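The values are calculated or read from the model by the stated rules, or taken from the named source; none is laboratory data. For clarity, every value in this text was computed on a predicted model and none was experimentally measured. Backbone-built Cβ (ideal geometry, glycine too); neighbour counts: all protein chains shown.
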Amino acid sequence: MGFQRLSPLVPNLPSQEGQGDRDQMKYLPNIAWAAFAGCISLALLPALQADQWDKKTVLTVNETIQVPSCCTPDHTVTLQPGEYVMVLVDSLSDRHIVRVFDKDQKNVITTILAIPNYRLQPTGKTVFQYWEVPAGHPKALRAWFYPGDNFGQEFAYHKETAVEIATYGKAPVPAIAADTKAEEDLKTVPLVVVDESGKTSELALTKPEPEPQALPQAQPQEPVQTEAARTAEPVAAAEPELPHTSSNMPLFGLIGILSLAAFAVLRIRSSRIS
């Protein structure tokens, strides 16, 4: 008597290894999107840091104004109503160089020599200051303060223009003492201060002294406590906090990338287990 071949009672099932491979393929798009998002975040970080360094600011002009210029015959440029972009392109010990572009930053309108102008109370917004000028003349841009900075850029006009501004405004004006024909000249040209009489003096940069703070009022002495009342658990001294010397943006970007990668790995592992 022969034995008949028995057909298997259990149907063929896909192997666990093949199922795991398909699960991994299913999550590959999520991993790719996570990596793409992380790369975009890291690519944007240099642009954010650059804006803080060069103080990039949009200047909206509602009425005609005049600004200094290194390379025009009369050493001034008139800005018509519109939008312009101002950036700090060089920062030397006693002078800064500012460049003004058109709205799209494709054309340079003027390059200006500026000196640090300190203030006691920084603000959270951009501030522009102007010199007083006679009626009918375009306002003369005096200084530009970037949000959060305790110093701004005070623009130096050519000596002839500075004398006119000082005469009308009854105030000393920083001035360029020689003609300039190129941007490189601004790095070495002598700087002076002119008063309303046209007299020049040496330019001295000084930081304003902070206002003296009122001394705290003396507190009344507490009553003498007994020895038992003085006994208490010692309080741990607070650890000194280190100064923040850089932005946390790179750290946030790295944490985000690692979190997305960890999430993708956990999803794959959980699918294998199930």
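Observations
- Under the condition of being more than 20 Å from the chain's Cα centre (by Cα) and part of a strand (DSSP E or B), the residues counted in region 88-111 number 5.
- If you check LEU59, LEU79 for being more than 25 Å from VAL194 (Cβ to Cβ) and at pLDDT 95 or above, only one passes: LEU59.
Yes or no, residue by residue, for (1) touching a strand residue (DSSP E or B) at 6+ places or on another chain (Cβ under 7 Å); (2) outside the structural domain of HIS158 (by TED's automatic domain parsing); (3) free of Cβ contacts under 8 Å to residues at least 24 places away in the same chain:
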{"site": "LEU92", "(1), (2), (3)": "no, no, no"}
{"site": "ASN107", "(1), (2), (3)": "yes, no, yes"}
{"site": "THR111", "(1), (2), (3)": "yes, no, no"}
{"site": "TYR130", "(1), (2), (3)": "yes, no, no"}
{"site": "ARG142", "(1), (2), (3)": "yes, no, yes"}
{"site": "PRO147", "(1), (2), (3)": "no, no, no"}
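- Within region 126-166, the set of residues being in a strand (DSSP E or B) and in contact with a Lys or Arg (Cβ under 6 Å, 6 or more places away or on another chain) comprises GLN129, TYR130, TRP131.
- Some residue of region 122-130 being touching a Pro at 6+ places or on another chain (Cβ under 8 Å) and either of a type in the set (Lys, Arg) or closer than 20 Å to ASP94 by Cα (or both): yes
- Candidate set from region 115-150 (those that are of a type in the set (Val, Ile, Thr), under 22 Å from the mean Cα position of the chain (by Cα) and within 28 Å of GLU202 (Cβ to Cβ)); member that is surrounded by the most Cβ atoms within 10 Å (Cβ to Cβ): ILE115
- In this entry, ILE165 is excluded by the filter for residues that are under 30 Å from the mean Cα position of the chain (by Cα) and among the aliphatic types (A, V, I, L, M).
- All positions within region 98-113 that are closer than 15 Å to ALA182 by Cα and either modelled with pLDDT under 95 or among the charged types (D, E, K, R) (or both): ARG99
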